[in-house]
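Student: Take a look at the following structure, please.
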Amino acid sequence: MRVLRALTVTAATCAAIGLSTPLASATPPGGGGNGPSNVSVNQFDVHQGSTMQLSASGCGHGGTVTSHGNFPPANLSAGSIGFATVRVFNHASPGIHTLSVKCNDNSLVATARFRIREGRPSQGGIGGSLGPSTAETAIGASLVGGAALGAGAHVLRRRRPLRGRV
């Protein structure tokens, strides 16, 4: 009976060690995984002031996305595929730029390219606070004057002479 109990404990210990070995080797010391990979930019072409979505694989504990002078650093979500949304600066220079993805648990960096197009942001929220320009005022005044002249000519032509009325 003692031998059977000793064999059962030994088998259970060997099974526990055998099953935990692959898990320990999957996470190397000093970090994790193979670093960022498969970095994709949703919308390669973005306008100044617009948002852009990014995804990257290999950053199980999250990471950071940076592109100097184009958008502020953003956090990459944790998981098998991490996501981030960034807003491109209004003053970012148009052209093709590079962004970098660095995982929190690894020193490796992956890059991706994207293009910034010149944007003309709308003046939303201003409403009626903007007045007409000088050109718009001149055009409007000439249209009103032309309409007044046309109306006067029409009235003069349609007017009946006062003589001859009975």
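The values are calculated or read from the model by the stated rules, or taken from the named source; none is laboratory data. Keep in mind that what you see is a predicted model, and the values were worked out from it rather than measured. Cβ atoms come from the backbone with ideal geometry, glycine included; neighbour counts cover every protein chain shown. Note: areas computed on protein heavy atoms with side chains; ligands, DNA, RNA excluded. Shrake-Rupley method; radii C 1.70, N 1.55, O 1.52, S 1.80 Å.
Student: Going through THR51, THR27, THR64 one at a time, which residue ends up being at pLDDT 90 or above, under 24 Å from SER107 (Cβ atoms) and open to solvent by 40 Å² or more (accessible area, probe 1.4 Å)?
Tutor: Details: THR51 fails: under 24 Å from SER107 (Cβ atoms); THR27 fails: at pLDDT 90 or above.
Every option except THR64 fails the conditions.
Student: Give the residues of the stretch 48-69 that are in contact with a Pro (Cβ under 6 Å, 6 or more places away or on another chain) and either aliphatic (A, V, I, L, M) or part of a strand (DSSP E or B) (or both), sorted by residue number.
Tutor: In the first step, residues of the stretch 48-69 are kept if they are in contact with a Pro (Cβ under 6 Å, 6 or more places away or on another chain); the result is 49, 56, 58-59, 64, 66.
Residues satisfying the conditions are ALA56, THR64, THR66.
Student: For the stretch 113-159: of the residues being closer than 30 Å to GLY69 by Cβ, at pLDDT 85 or above and not hydrophobic (A, V, I, L, M, F, W, C), which is least open to solvent (accessible area, probe 1.4 Å)? If you could, list the steps in order and put the result at the bottom.
Tutor: Let us first name the residues in the stretch 113-159 that are closer than 30 Å to GLY69 by Cβ, namely 113-126.
If we keep only those that are at pLDDT 85 or above as well, we get 113-118.
Still in the running and not hydrophobic (A, V, I, L, M, F, W, C): 113, 115, 117-118.
On the way: ARG113: 144, ARG115: 79, ARG117: 103, GLU118: 130 Å².
Among residues in the stretch 113-159 that are closer than 30 Å to GLY69 by Cβ, at pLDDT 85 or above and not hydrophobic (A, V, I, L, M, F, W, C), the one least open to solvent (accessible area, probe 1.4 Å) is ARG115.
Student: Sticking with this structure for a sec: Pairs please, first residue from the stretch 35-56 and over 20 Å from PRO73 (Cβ atoms), second anywhere and among the aromatic types (Phe, Trp, Tyr) and in a strand (DSSP E or B), Cβ atoms under 9 Å, 6+ apart in sequence or on different chains.
Tutor: PHE44/PHE114; ASP45/PHE114
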